[in-house]
1. Those residues that are open to solvent by 80 Å² or more (accessible area, probe 1.4 Å) and under 16 Å from the mean Cα position of the chain (by Cα), I need them from the range 54-66; list them, please.
2. Which residues, counting only those in the range 67-102, are within 11 Å of the chain's Cα centre (by Cα) and acidic (Asp, Glu)?
3. List pairs: first in the range 144-157 and more than 19 Å from Gln121 (Cα to Cα) and modelled with pLDDT of 95 or more, second hydroxyl-bearing (Ser, Thr, Tyr) and open to solvent by 90 Å² or more (accessible area, probe 1.4 Å), Cβ under 7 Å, 6+ apart or cross-chain?
4. Hey, can you tell me all the residues within the range 5-44 that are open to solvent by 30 Å² or more (accessible area, probe 1.4 Å), under 24 Å from Lys151 (Cα atoms) and out of contact with any Lys or Arg (no Cβ under 8 Å at 6 or more places or on another chain)?
5. Please identify the pairs in which a residue from the range 29-51 that is among the hydroxyl-bearing types (Ser, Thr, Tyr) has its Cβ atom under 7 Å from the Cβ atom of a residue that is in a loop (DSSP other than H, G, I, E, B), counting only partners at least 6 apart or on another chain.
6. So in the range 67-82, with the set limited to residues that are in contact (Cβ under 8 Å) with a residue 40 or more places away in the chain and open to solvent by 40 Å² or more (accessible area, probe 1.4 Å), which one is farthest from Glu22 (Cα to Cα)?
7. Which number in (1) modelled with pLDDT under 90; (2) over 11 Å from the mean Cα position of the chain (by Cα) marks the one condition that Pro132 misses?
8. Out of all the residues in the range 96-117, which are under 27 Å from Pro19 (Cβ atoms) and modelled with pLDDT under 80?
Amino acid sequence: DSATTDYLTSLPNSRSLFPRLEQELTRCRRENGMLTVVVCDLNGFKQINDRYGHLEGNHLLRRISESLRVNCREYDYVARMGGDEFVLLLLGNDQSDIAERIDQLRQMAWHAGSGDALHDQVSMSVGAAVFPQDGSDADEILAEADRRMYKAKQAHKQKRTSIDPAVSRPAMDMATIQ
């Protein structure tokens, strides 16, 4: 359905994300479960579009979305919010798994963007929030994950400006979950 699916990536879009998030939160409340909401945003995407064109940017978004889909479990949910922002709903993770999953997502983005001319130009800022610890409803959880993603993005920008630009590797994009 074109109303609920992103045309470029074939992932669910923001229109389908919110009902699914509400459904998962209802299930978690009923089963006393845990849900991690992860917001991912690409670093360097605008520069890719500006330097190599939107077709290359579209190819990158398709590679990233396919990597997200492949690297998530079948019962996790991956959606494209728009632009270069993705949201993942990870079911039943415990706190110790989240940092490892986020590191895997960053590594995956780096590998998806490391082909040809894009080598070392793409990384991912990631923020995560956990229900019920970080909020009691969809808006609170999503807002907290988004806030943490922007904090990671700012840390990434500060690191990029304070080091030699010739030195670029995925480890530079590390941020911790609070």
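The values are calculated or read from the model by the stated rules, or taken from the named source; none is laboratory data. The structure presented is a predicted model; accordingly, all values stated were derived computationally and were not measured. Neighbour counts run over all protein chains shown; Cβ positions are idealised from the backbone, glycine included. These accessible areas exclude ligands, DNA and RNA; they are computed on the full protein's heavy atoms, side chains included. Shrake-Rupley method; radii C 1.70, N 1.55, O 1.52, S 1.80 Å.
1. In the first step, residues of the range 54-66 are kept if they are open to solvent by 80 Å² or more (accessible area, probe 1.4 Å); the result is 54-55, 59, 62-63, 66.
Scanning the range 54-66 gives Arg62, Arg63, Glu66.
2. Answer for the range 67-102, where residues must be within 11 Å of the chain's Cα centre (by Cα) and acidic (Asp, Glu): Asp84, Glu85.
3. Nothing qualifies.
4. Of everything in the range 5-44, those that are open to solvent by 30 Å² or more (accessible area, probe 1.4 Å), under 24 Å from Lys151 (Cα atoms) and out of contact with any Lys or Arg (no Cβ under 8 Å at 6 or more places or on another chain) turn out to be Phe18, Met34.
5. Once the first residue is among the hydroxyl-bearing types (Ser, Thr, Tyr) and sits in the range 29-51, its partners that are in a loop (DSSP other than H, G, I, E, B) give Thr36/Asn93.
6. Arg69
7. Failed condition: (1).
8. Ala109
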